[in-house]
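Notes to accompany the following structure.
The values are calculated or read from the model by the stated rules, or taken from the named source; none is laboratory data. These numbers were taken from a predicted model, which means no experiment stands behind them. Neighbour counts run over all protein chains shown; Cβ positions are idealised from the backbone, glycine included. Side chains are part of the model used for accessible areas, which takes the heavy atoms of the whole protein and leaves out ligands, DNA and RNA. Shrake-Rupley method; radii C 1.70, N 1.55, O 1.52, S 1.80 Å.
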Amino acid sequence: GSPPALIVNAHGWRMIRRIFNAGFWIELDQKDLNLAFHGEKAMGMSLPNTASAQQLFSVCGANGRGRM
């Protein structure tokens, strides 16, 4: 299957049970969001939610929460 299907198969039960514990460090999410942000700009796209998420994760990182 495609990667999204694999994610749902692996973690869908957590969504059903409303278990939303973090499983990835904020600083790694920031890295991926920065790649997406620069990629969208290079393609002349605008994805406002990417920028919003990037800002929220930046605030978390600036407040010492990067390894959460």
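Is segment 57-65 home to any residue that is touching a Lys or Arg at 6+ places or on another chain (Cβ under 8 Å) and either open to solvent by less than 60 Å² (accessible area, probe 1.4 Å) or part of a helix (DSSP H, G or I) (or both)?
Checked segment 57-65: no residue is touching a Lys or Arg at 6+ places or on another chain (Cβ under 8 Å) and either open to solvent by less than 60 Å² (accessible area, probe 1.4 Å) or part of a helix (DSSP H, G or I) (or both).
State all residues of segment 1-24 that are modelled with pLDDT under 85 and not in a helix (DSSP H, G or I); if no residue qualifies, say none.
Within segment 1-24, Gly1, Ser2, Phe20, Asn21, Ala22, Gly23, Phe24 meet the criteria.
Hey, could you check segment 22-54 for residues that are of a type in the set (S, T, N, Q) and within 17 Å of Gly66 (Cβ to Cβ) and say which is surrounded by the most Cβ atoms within 10 Å (Cβ to Cβ)?
So the first thing to find is which residues in segment 22-54 are of a type in the set (S, T, N, Q), and the list is 30, 34, 46, 49-50, 52, 54.
Now drop any that are not within 17 Å of Gly66 (Cβ to Cβ), which leaves 30, 34, 54.
Details: Gln30: 19, Asn34: 14, Gln54: 17.
The selected residue is Gln30.
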